[in-house]
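S.K.: First the structure, which I've put down as structure tokens, then a few questions once you've had a look.
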Amino acid sequence: MKTRFLILLLSAIANLSLAQGIEFFEGSLEEALAKAKLEDKLIFIDAYTTWCGPCKAMNKNVFTDVNVGEFYNKSFINLKIDQEKGEGLDFAKKYNVRFYPTFVFINSEGEMAHKAVGYIEVEDFILLGAAATNDNYQLLSLQNKYDKGDKNSRVLKNLANALSEAYMDNSEEIALEYLATQTDWKNDENIAFIYNHFSN
């Protein structure tokens, strides 16, 4: 009986030790791009600084979460880049990183696919990753649709939301284009949209 209990206990401890958060790639961005191309994945980059409080909170509360780790490890090549040294200096310029943390998703060609800024709770962080891999919500995909003339209300709304989440300057312009397609600005969905885009 004691032997069986000990085996079960050791098994439970082993399973706990396997539980983990995000596994970050130990290598350069160039190496991550090559790996992403080989595995046909996007790269998720945590663009951080060492002094940033919300960055430290993400490390402690979100990146260590088992569910976050399961989703991000399966879906992305994950990379951390300090924005104040080494390749982070050029990265910040190229991808317009102005606030910390900034989360950037790029494809294997180095194109920015999706972006978000600031501390994000566990469930919303998983939703962020899901949006980055979904053509209906991914910033790059929506921008391409828009540029090709697809300006139906759903594309406009999702594009405005993605641009706002990325702190990009033209989000209000697209938000106004979306509202121009609406006959009722007073329904709950549009009131929430107006509040989110024009309350600041």
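The values are calculated or read from the model by the stated rules, or taken from the named source; none is laboratory data. Computed from a prediction, not measured in an experiment: that's the story for all the values here. Virtual Cβ from ideal backbone geometry, glycine too; neighbours counted across all protein chains shown. All accessible areas refer to the heavy atoms of the entire protein, side chains included, with ligands and DNA or RNA removed. Shrake-Rupley method; radii C 1.70, N 1.55, O 1.52, S 1.80 Å.
S.K.: Take K60 and R98, extend 7 Å from each Cα along the Cα→Cβ direction, and tell me the distance between the two endpoints in nm.
M.R.: 2.9 nm
S.K.: Roughly speaking, to the nearest percent, how much of the chain's 1.4 Å accessible area is carbon and sulfur?
M.R.: 53 percent
S.K.: At a Förster distance of 30 Å, what's the computed FRET efficiency of L176 paired with E121, Cβ-Cβ distance as r, to 0.05?
M.R.: Efficiency for this residue pair is about 0.55.
S.K.: If you don't mind, there's one more thing I want to ask. Give me the distance in nm between label points sitting 7 Å out from Cα along the Cα-to-Cβ direction at E70 and K186, one decimal.
M.R.: If labels sit at E70 and K186, their model points lie 4.6 nm apart.
S.K.: Set the bar at 24 Å for Cα to Cα. Now go through K148/K186; K37/K151; K93/K115; K41/K151; K35/K80 and name every pair that lies beyond it.
M.R.: Flagged as over cut-off: K148/K186; K37/K151; K41/K151.
S.K.: I would also like to ask the following. Sum -39500 (n - 2.57) across every DSSP H segment of at least 4 residues in the chain, then divide by the residue count to get the 222 nm mean residue ellipticity, nearest 500.
M.R.: The helix contribution divided over the chain gives -15500 deg cm²/dmol.
S.K.: Quick one: helix 188-198 against the long Cα principal axis of the chain, what's the angle to the nearest 10°, folded into 0 to 90?
M.R.: Rounded to the nearest ten degrees, it is 90.
S.K.: While we're here: Can you compute the modelled spin-label distance between S199 and N152, with each label point 7 Å from Cα toward Cβ, in nm?
M.R.: Roughly 2.9 nm, to one decimal.
S.K.: Per residue, what accessible area does segment 120-173 have, given a 1.4 Å probe and all protein chains present, in Å²?
M.R.: Computed with neighbouring chains in place, this is 54 Å² per residue.
S.K.: Still on this structure, please answer the following. Return the FRET efficiency for the residue pair D135, A34: r is the Cβ-Cβ distance, R0 is 25 Å, and the value is rounded to the nearest 0.05.
M.R.: So the FRET efficiency works out to roughly 0.55.
S.K.: Rounded to the nearest 20 Debye, what is the dipole magnitude of the chain about its Cα centre when Lys and Arg each give +1 and Asp and Glu each give -1 at the C-beta?
M.R.: Here the size comes out at about 540 debye.
S.K.: Could you sort 131-142, 82-93 so that the peptide with the highest average Cβ count within 10 Å comes first and the rest follow in order?
M.R.: Answer by packing, highest mean first, reads 131-142, 82-93.
S.K.: Can you find, among S28, L156, N134, the residue sitting farthest towards the positive end of the charge dipole of the chain, where Lys and Arg contribute +1 and Asp and Glu -1 at Cβ?
M.R.: S28
S.K.: Take the chain, compute every pairwise Cα distance, and split them into 5 Å bins from 0; I just need the percent in each bin.
M.R.: 1, 7, 14, 17, 17, 14, 10, 8, 5, 3, 2, 1, 1, 0, 0
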